[in-house]
Amino acid sequence: MLATLWQIVVNSFLQFFCNSGRMTMDLTFLGTGSAYPSPHRGASALVLRTDGECWLFDCGEGTQTQLMKSQLRAGRITKVFISHLHGDHLFGLPGLLCTVSLNTSSESQQDLNCVEIYGPRGLRHFLRVTLGITGSQLLFPYAVHELEPTPDQSPEEGKLNPEMTAERGPLHPQEQPGRTISLDVSSDTYLLFEDQKFVVKAFRLFHRIPSFGFCIQERDRPGRLKTELLKELGLKPGPLYGRLKAGESVTLESGRVVQPSEVLEEAIPGRKVCILGDCSSVLGEGPQRLCSGADILVHEATLGNEHREKAVDHGHSTPEMAAAVARACCARRLVLNHFSQRYKPSAMVKEGDEDHVSELKRQAEEALQGTGVEVILAEDFLTLQISLRRSR
Ligand SMILES: [Zn+2]
Ligand SMILES: [Zn+2]
């Protein structure tokens with residue numbers, strides 16, 4: 001009896017292990033305000049968490065204190081993505097790196113991984129100067145991988161000054177050489193990296209200075225094991241299940257070869273998260289293909305539709321403009337973000353206040369009527385779960 005119970009427990013564990021793999025993925029907004037941090041909205045920053053690893057997208061001033069107030073741990077940040085070099089997306093980065101270093105134990109220094117930082121040309125120089133002039137030493141290495149913008153990403157006056165963004169001087173003592181990534185003209189995107197779990201690309205946006213969006217595509221995973229069929233074939237739960245799940249064929253004692261395709265259900269599609277930096281438009285056709293079917297699309301909506309001209313003049317978007325991008329990409333959820341500080345969080349709006357953030361949501365919903373796209377207002381410390389879909 002005990003042995004049977006034990007077998008059930010072991011089987012369930014194995015089945016769970018074989019069928020779950022990496023399951024959790026969530027997105028936490030740390031700062032949802034534009035221009036500067038205020039007591040009610042932090043400057044731009046959000047964290048995508050997968051299996052305990054944290055990827056930080058933008059790092060406005062005060063991001064480290066927002067992190068301390070959240071459930072997340074700054075020490076878990078392994079990758080940083082900076083959409084553009086405006087201060088409300090960047091001023092927090094040198095300070096955050098220094099604080100993470102202060103909280104790092106020097107004994108574990110040997111095993112510390114390099115923090116990979118991605119962002120526009122100029123970021124490498126910015127960090128080298130800010131960390132260098134302040135005499136900041138880090139207990140971990142970092143590398144900056146720079147994206148080369150194209151000339152059409154900003155008005156003339158916003159073009160990155162080649163002199164100002166050129167690398168100068170030796171590497172910072174903890175800096176490792178980073179890559180310079182150019183636009184892949186055929187796909188209209190930038191390949192940042194790919195590994196067994198993810199393919200991460202960037203794409204071009206139009207803003208007052210060159211800005212980028214990021215697309216995080218999780219790879220598809222094998223479908224669930226057909227355990228009944230496996231039992232019929234005489235295969236007991238164990239390492240062979242893992243091999244089939246990993247795509248290897250298995251030979252039975254009878255000589256019969258079992259192919260993974262026979263015993264696995266349909267593959268589970270990977271999740272797709274698209275996070276756009278400040279912009280008044282997306283450049284090229286590539287990004288639409290790249291972001292197609294996104295589970296979540298995070299888009300700025302700095303000002304309401306009634307301020308469209310002002311928004312566009314400043315390189316920003318309205319809810320209607322954000323909705324148009326979500327519609328073109330057939331996104332499942334649109335998260336509006338990066339609000340002018342005039343829009344207080346819903347909970348703080350008082351009677352008589354003129355600018356209601358809920359109006360921004362209404363405007364996006366109106367533009368998306370009949371599409372089924374869900375609209376969400378980002379708020380500081382809001383966490384959104386991104387669950388797996390069983391089919392495409
Ligand atoms: Zn901004
Ligand atoms: Zn900006």
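Debye calculation, C-alpha points only, no solvent: report log10 I(q)/I(0) for the range 42-121 at q = 0.21, 0.23, 0.26 Å⁻¹, in the same order as the q values.
Taken in order of the listed q values, log10 I(q)/I(0) reads -0.95, -1.13, -1.38.
Using +1 on the beta carbon of Lys and Arg, -1 on that of Asp and Glu, and nothing else charged, what's the dipole of the chain about the Cα centre, debye to 20?
1100 debye
At 4 °C and 1.567 mPa s, grab the translational diffusion coefficient of the range 181-273 from Stokes-Einstein with a Kirkwood Rh over Cα pairs, rounded to a whole number in µm² per second.
80 µm²/s
Tell me the angle of helix 357-367 to the major Cα principal axis of the chain, expressed in degrees between 0 and 90 and rounded to the nearest ten.
The angle comes out near 70 degrees.
Quick check on the chain: helices-only [θ] at 222 nm, where DSSP H runs of length 4 and up contribute -39,500 (n - 2.57) each and the sum goes over total residues. Nearest 500, please.
-7000 deg cm²/dmol
Any idea what log10 I(q)/I(0) is at q = 0.17 Å⁻¹ for the range 102-165, Debye with uniform C-alpha scatterers and no solvent?
For the range 102-165 at q = 0.17 Å⁻¹, log10 I(q)/I(0) is -0.72.
In what sequence do R256, R342, R271 fall when counting other Cβ within 10 Å, fewest first?
R256, R342, R271
Report the per residue volume, in Å³, of the convex hull enclosing the C-alpha atoms of the range 216-340.
Residue-normalised Cα hull volume stands at 122 Å³.
When a footprinting reagent is the concern and you count Cβ atoms within 10 Å, what order do C215, C54 take, fewest first?
Least crowded to most crowded, the residues run C54, C215.
Relative to 2.2 N^0.38 Å, what does the C-alpha radius of gyration of the range 159-234 come to as a ratio? Two decimals please.
1.87
Exposure proxy check: C279, C98 ranked by fewest other beta carbons within 10 Å?
Ascending number of Cβ neighbours within 10 Å: C98, C279.
Tell me, what does the Kirkwood hydrodynamic radius of the range 272-392 come to in angstroms if you use every pair of distinct C-alpha atoms?
Result for the range 272-392, one decimal place: 14.7 Å.
Past the 18 angstrom mark, what percentage of all C-alpha to C-alpha distances in the range 266-322 do you count?
Value for the range 266-322: 42 percent of Cα pairs lie more than 18 Å apart.
Report the dimensions of the range 124-263 along its three principal axes from the alpha-carbon atoms, largest first, rounded to Å.
Result, largest extent first: 71, 37, 19 Å.
Kirkwood-based Rg over Rh for the range 168-212 (C-alpha set), two decimals?
1.07
Calculate I(q)/I(0) for the chain by the Debye formula, one identical point scatterer on each C-alpha and no solvent, and give its log10 at q = 0.09, 0.12, 0.13 Å⁻¹ to two decimals.
-0.60, -0.96, -1.08
Given the Cα-Cα distance of T104 and S358 and 0.36 nm per residue of separation, how much length would full extension add, in nm?
87.3 nm
With each label point set 7 Å from Cα along the Cα-Cβ vector, what nm distance links E365 and R390?
2.9 nm
Since every read-out is calculated from the coordinates, none of them should be taken as a lab result. Keep in mind that what you see is a predicted model, and the values were worked out from it rather than measured. No Cβ is skipped: glycine too gets one built from the backbone with ideal geometry, and neighbour counts run over all protein chains shown.
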